[in-house]
Amino acid sequence: MAGKVLVVYGTTNGSTGRIAEAVAGVLCKEGLAAEARPAQSVASVDAYDAVVVGGALYAGRWHRHARRFVRRHRRALAERPVWFFSSGPLDASASERDIPPVPGVRRAADRLDVREHTTFGGCLEEGAKGRLARMILRNGKGGDFRDFPAIEAWAARIAGELTAA
């Protein structure tokens, strides 16, 4: 299936958006037409043949824009291949082992028959918005734990599935 792929994301401080852009970049390099867009900016997925949805994790929940996107477009998403990713652990755990989706994401993935979910490390750096983010940074727990080679390898697998179909 060659076609258009939407990589949509929910983020507060931009880290998950950067992951989505990396995924879209790999998909484009592999010959697919892909674009990364903030979840709240997407009115319809009808023009896309496949969708990747990413959400930052906050206190065990996906970012509200990612959750709302999935809820609002659930019927259309059920008709096309969909992949999920989460970003959030502020340590190396996502690079060391497979981290299962949080319960709400798992339920959505099951309902939509999502092809795969993966969790990538997060990024929280000085200047981050939100009281909780500032508290985490004050406690020395911030940093950039995104593994771009792993992100790019995951996106290449998606491209392989889409171009083989």
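Tell me, yes or no, whether segment 123-142 has at least one residue that is within 15 Å of the chain's Cα centre (by Cα) and within 26 Å of L77 (Cβ to Cβ). No: segment 123-142 contains no residue that is within 15 Å of the chain's Cα centre (by Cα) and within 26 Å of L77 (Cβ to Cβ).
When N13 is tested against (1) open to solvent by 40 Å² or more (accessible area, probe 1.4 Å); (2) at pLDDT 95 or above; (3) among the polar types (S, T, N, Q); (4) closer than 25 Å to E125 by Cα, only condition (2) is not met.
Residues in segment 116-131: is at least one of a type in the set (K, R) and either at pLDDT 90 or above or under 25 Å from A159 (Cβ atoms) (or both)? Scanning segment 116-131, I find no residue that is of a type in the set (K, R) and either at pLDDT 90 or above or under 25 Å from A159 (Cβ atoms) (or both), so the answer is no.
Yes or no: A47 among the small types (G, A, S), more than 16 Å from the chain's Cα centre (by Cα) and either assigned to a helix (DSSP H, G or I) or buried (at least 24 other Cβ atoms within 10 Å of the Cβ) (or both)? In short, no. Considering segment 52-104, the residues that are β-branched (V, I, T) and crowded, with 21+ Cβ neighbours inside 10 Å include one that is farthest from R131 (Cα to Cα), namely V82. Residue check: R37 meets all listed conditions (1) open to solvent by 60 Å² or more (accessible area, probe 1.4 Å); (2) out of contact with any helix residue (DSSP H, G or I) (no Cβ under 7 Å at 6 or more places or on another chain); (3) at pLDDT below 95; (4) not aromatic (F, W, Y) but one, namely (3). Please determine whether any residue of segment 36-48 is within 20 Å of L112 (Cα to Cα), touching a residue at least 40 places away in the same chain (Cβ under 8 Å) and of a type in the set (S, T, Y). Looking through segment 36-48, at least one residue is within 20 Å of L112 (Cα to Cα), touching a residue at least 40 places away in the same chain (Cβ under 8 Å) and of a type in the set (S, T, Y). Evaluation of L32 against the conditions (1) within 22 Å of A164 (Cβ to Cβ); (2) surrounded by fewer than 18 Cβ atoms within 10 Å (Cβ to Cβ) shows that the sole unmet condition is (2). Counting only helices (runs of 4 or more DSSP H) that sit completely within segment 69-165, zero hold 3 or more residues that are without any contact (Cβ under 8 Å) to a residue 12 or more places away in the chain, touching a Pro at 6+ places or on another chain (Cβ under 9 Å) and within 25 Å of D49 (Cα to Cα).
The values are calculated or read from the model by the stated rules, or taken from the named source; none is laboratory data. These numbers come from a predicted model, not from an experiment. Every residue, glycine among them, receives a Cβ derived from its backbone with ideal geometry; neighbour counts consider all protein chains shown. Accessible surface areas use protein heavy atoms only, side chains included; no ligands, DNA or RNA. Shrake-Rupley method; radii C 1.70, N 1.55, O 1.52, S 1.80 Å.
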